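To start, the structure itself, in structure tokens.
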Amino acid sequence: MQRPLQITFRGMRHSDAIEDHVRRRAAELDQYYGRVTGCHVTVEAPHQHQHKGHLYSVRVDVRLPDGEVVASRTGRRDHAHEDVHVAVRDAFSAAVRQVEDYARRRRGMVKRHTLPAKP
């Protein structure tokens, strides 16, 4: 990455363990596409639920030379996101898939479907 990784915590205290996990996952992005220029990660605990605990939201903004990939995972749909590390993992997994798709499009490796000839 050309720019330093930015990590923002909202609605929660800073955690060195979470920051280390985010830094490890962000470093892996370069393996999938070596031209990543920057990354901003937002980790948020938006609400306190009485019975379900904190449901974390993680947003990963990956900056690329000709565009940007945004992946987010919100805990409203998945109660596994009561664990912030699971929410981080899921958000980065989605970001990796999008970066891989971006790289394939840039290399022209996208399958083209031909339309049937009109009678």
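Could you look through the range 28-62, keep only residues that are surrounded by fewer than 16 Cβ atoms within 10 Å (Cβ to Cβ) and charged (D, E, K, R), and pick out the one that is modelled with the lowest pLDDT?
Checked the range 28-62; the qualifying residue modelled with the lowest pLDDT is 52.
Looking only at residues that are of a type in the set (Gly, Ala, Ser) and surrounded by 15 or more Cβ atoms within 10 Å (Cβ to Cβ) in the range 63-93, which one is modelled with the lowest pLDDT?
Ranking the qualifying residues of the range 63-93, first place goes to 75.
The values are calculated or read from the model by the stated rules, or taken from the named source; none is laboratory data. Given the structure is predicted, the values throughout are model-derived calculations rather than measurements. Note that we place each Cβ from the backbone using ideal geometry, even for glycine, and neighbour counts take in every protein chain shown.
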